[in-house]
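Reading through the structure tokens given below for one structure.
The values are calculated or read from the model by the stated rules, or taken from the named source; none is laboratory data. As the structure is a prediction and not an experimental result, all values here were calculated from the model. Reconstructed Cβ throughout: ideal geometry from the backbone, glycine too, with neighbour counts over all protein chains shown.
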Amino acid sequence: MQDNNENINIERRVRINQMHRNVRRGKERLRWLRCWLRLFMIAIMVFAAYKVYKMPQWYLNKNIFSSASNNTLQIIGNNITPTYRIISVLRQYPVPQRPIYLFNTSKIEKEIKNLPPIKEVYIKRLWFPARLNIIIVERRPILSISPAPEVAPIAFFAEGGKLIGRDYLPLKNVEKTILVLTYGTKGDDYRTWDEKKIKKIETIVHAMEQFSGQPVEYIDLRNPKDVYIKLPEVNVRLGELDFMALSRVRNISAILPQIKTLKKKIKYIDLRWEDAQYIKLEE
């Protein structure tokens, strides 16, 4: 009887051990299955990422720098700088053979910024499809240079005292500039003017417009020691642009109403002296 009980206990332990082994084998199989599933999912994700990486929508059109008349390149804000000049800069660089998000545009921005009228450049990279937006911020034109009123300007000064040549003329879609008449001779060569001189001329002209209530047509610096400012109604002789010039300009508001009472033709208003202004009549 005891032997039978022992046999039963042994068989029971054997079955229990067998069950434990089966459970362990099941867990081991499940662990391996999960591992293979993870590897399979990783492989699928890597393959999908590779396919997305290789999609043509991530890459710029190989002809993007050929012209600005395509859908992948847009140039905005260049009122002074011709588009073809920006395109000529872009053509110096090969179209990148990499996705647009890996395209470094800093060199192109720096090169475009070297064009005289341009103050700042921002290149926006747009995805899917890959394209570029080039945003241009140009310098504000201040003075236009001409040897005579009837001659088209040959150069202009922009903010910062930047002299820009006739390659960027005529000015279109910009605010009206101050026309300055000068021969550019060695006595007062405009090519040597600095930002301080530009601001001085601008201040004098704006003061004349403020105190006269009339727009200035041009300022004549062909003789820098005897400067004239042309108003629609009359010519104003200001003399030299010394430290008292701005003070003398203020006198225009007192003498300008007097010309309406005169019947003779006026040659100019003389503001060369601080304490004595007069109207010069035609002889």
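Within segment 169-187, the set of residues being touching a strand residue (DSSP E or B) at 6+ places or on another chain (Cβ under 8 Å) and under 30 Å from Ala68 (Cα atoms) comprises Leu169, Leu171, Val174, Glu175, Thr177. Inclusion of Ile80 among residues that are β-branched (Val, Ile, Thr) and exposed (fewer than 14 other Cβ atoms within 10 Å of the Cβ) is not warranted.
Taken over segment 210-241, the criterion of being within 30 Å of the chain's Cα centre (by Cα) and of a type in the set (D, E, K, R) is satisfied by Glu217 alone.
Please go through segment 260-283 and give me each residue that is more than 19 Å from Met244 (Cβ to Cβ) and either in contact with a Cys (Cβ under 6 Å, 6 or more places away or on another chain) or touching a residue at least 24 places away in the same chain (Cβ under 8 Å) (or both), ordered by number.
Once the filter is applied, which keeps residues that are more than 19 Å from Met244 (Cβ to Cβ) and either in contact with a Cys (Cβ under 6 Å, 6 or more places away or on another chain) or touching a residue at least 24 places away in the same chain (Cβ under 8 Å) (or both), segment 260-283 yields Ile266, Lys267, Ile279, Lys280.
Of all the residues that make up segment 107-131, how many are farther than 21 Å from Tyr168 by Cα and of a type in the set (A, V, I, L, M, F, W, C)? Residues that pass the stated criteria total 5. Restricting the first member to segment 197-222 and to residues that are at negative phi, and the second to residues that are assigned to a loop (DSSP other than H, G, I, E, B) and among the polar types (S, T, N, Q), the beta-carbon pairs closer than 9 Å and six or more apart or on different chains are Met208/Gln214; Phe211/Asn251; Asp220/Thr182; Leu221/Thr182; Arg222/Thr182; Arg222/Thr185.
The number of residues in segment 28-85 that are part of a loop (DSSP other than H, G, I, E, B) and closer than 30 Å to Pro116 by Cα comes to 19.
Condition first: in a strand (DSSP E or B) and either under 17 Å from Val137 (Cβ atoms) or in contact with a Lys or Arg (Cβ under 8 Å, 6 or more places away or on another chain) (or both). Now tell me which residues in segment 149-174 satisfy that. Quick ask: steps written out before the conclusion?
Filtering segment 149-174 for residues in a strand (DSSP E or B) gives 155-158, 162-165.
Answer for segment 149-174, where residues must be in a strand (DSSP E or B) and either under 17 Å from Val137 (Cβ atoms) or in contact with a Lys or Arg (Cβ under 8 Å, 6 or more places away or on another chain) (or both): Ala155, Ala158, Lys162, Leu163, Ile164.
Determine which member of the set Gln57, Gln97, Gln92 is among the polar types (S, T, N, Q) and in contact with a Phe, Trp or Tyr (Cβ under 7 Å, 6 or more places away or on another chain).
Working: Gln97 fails: in contact with a Phe, Trp or Tyr (Cβ under 7 Å, 6 or more places away or on another chain); Gln92 fails: in contact with a Phe, Trp or Tyr (Cβ under 7 Å, 6 or more places away or on another chain).
Sole residue among the options that is among the polar types (S, T, N, Q) and in contact with a Phe, Trp or Tyr (Cβ under 7 Å, 6 or more places away or on another chain): Gln57.
I'd like the full set of residues that are within 17 Å of Phe103 (Cα to Cα) and surrounded by 13 or more Cβ atoms within 10 Å (Cβ to Cβ), limited to segment 58-73. Of everything in segment 58-73, those that are within 17 Å of Phe103 (Cα to Cα) and surrounded by 13 or more Cβ atoms within 10 Å (Cβ to Cβ) turn out to be Trp58, Tyr59, Leu60, Asn61, Ile64, Phe65, Thr72, Leu73. As a summary of the residue check, Gly26 satisfies the conditions (1) at pLDDT 80 or above; (2) more than 30 Å from Glu175 (Cα to Cα) except for the one numbered (1).
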